[in-house]
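Undergrad: The structure follows.
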Amino acid sequence: MNTYIYGNELFTGKIHTILDQINIKFKIDGEVKNIDNIDKLKELIKNDPTDIFLIDQDKIIVENFSTKLLKFLVPKDGIKKTFLDKYGIGDISIRDYDDLGIYINKRLEAIENAKPKAHEITSIDDILEDDALDALSNMV
């Protein structure tokens with residue numbers, strides 16, 4: 001699982017500092033990457049919404065009457081909250097940076113609990129992910 005950070009330099013710098021303080025890089029099986037392109041962010045969310053996406057609150061567009069009427073209030077590099085909700089990303093808003101460690105640990109816990117345990121594995125299908133199964137079935 002990868003962790004992606006999207007926001008301005010101040011936001012990404014603060015997030016990296018917090019991730020270093022809580023030693024998250026040793027807990028995740030993946031990379032921590034900054035994303036600076038909105039299209040790349042959308043592509044990553046579509047491809048694997050189970051990754052961790054830390055998005056600056058200033059970049060999230062909540063559509064309402066004023067944002068529809070006054071388009072200049074909407075950041076050009078923003079992402080719509082409805083898009084995030086569609087992929088299950090918009091489930092949390094962190095008001096305090098201290099909550100970030102708690103959120104990431106709970107997210108890692110949830111993903112770990114979703115994996116089949118050794119006593120629950122009854123076939124090779126339980127171990128492999130869907131794309132690996134497709135690749136194996138195409139080889140036969």
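Values in this text are rule-based calculations from the coordinates and carry no lab data. Worth saying up front: this structure is predicted, and the values here are computed from it rather than measured. Heads up, the Cβs are rebuilt from the backbone with ideal geometry, glycines too, and the neighbour counts pull from every protein chain shown.
Undergrad: Can you put THR12, THR3, THR50 in order of Cβ neighbours within 10 angstrom, beginning with the fewest?
TA: Going from sparsest to densest Cβ surroundings: THR50, THR12, THR3.
Undergrad: Follow-up. Once you place label points 7 Å from the Cα toward the Cβ at ASP99 and LYS81, how far apart are they in nm?
TA: 1.4 nm
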